[in-house]
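I have placed the structure first, in the form of structure tokens, so that the comments after it can refer back to it.
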């Protein structure tokens, strides 16, 4: 029985790593990416005196695992903004200044961002091998790659949660 579950875990982890390679944009030139996003408008823009952070999860690897998103120390109190599954995104409005975005799967991942008025900042969540289920990486990407992921992969909106951790209607 242990052998069967070990083989299942190994096969699942290999599958996650193979799928995560599918969301790469490194094989495209800048010109090809620019052409691919020509005329594309992001679904949400920053308003007022704020910036907007897009957290994109462009591949379907580890889709069964929720990657929870936390802002500025929320992880200490257990409250989070929402979560993504494969091929989803979240937007997080932030005030001007420095912020820490955390992502939780089997592990914690973190990125520091500095936001100016009107900025659109892109972060990507990618699955990685975990021990029991998918882990995650979180990294800042440039605007071109972020828009490319949003337009090319037709990402769906992830799930936002209320203060009690219950999914909210969009």
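Only the coordinates and a few stated rules stand behind these numbers; no lab work does. This is a predicted model, so every value here is computed, not measured. Note: ideal-geometry Cβ built from the backbone for every residue, glycine included; neighbour counts use all protein chains shown.
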Residues in the range 149-160: is at least one in a loop (DSSP other than H, G, I, E, B) and touching a helix residue (DSSP H, G or I) at 6+ places or on another chain (Cβ under 9 Å)?
yes
Identify all residues within the range 84-101 that are surrounded by fewer than 19 Cβ atoms within 10 Å (Cβ to Cβ) and part of a strand (DSSP E or B); write none if there are none.
93, 95, 97, 98, 100
Name the residues in the range 130-144 that are touching a strand residue (DSSP E or B) at 6+ places or on another chain (Cβ under 7 Å) and either buried (at least 19 other Cβ atoms within 10 Å of the Cβ) or within 22 Å of residue 66 (Cα to Cα) (or both), would you?
134, 135, 136, 137, 138, 139, 140, 141
When only residues in the range 51-81 that are more than 18 Å from residue 120 (Cβ to Cβ) and within 11 Å of the chain's Cα centre (by Cα) count, which is surrounded by the most Cβ atoms within 10 Å (Cβ to Cβ)?
67
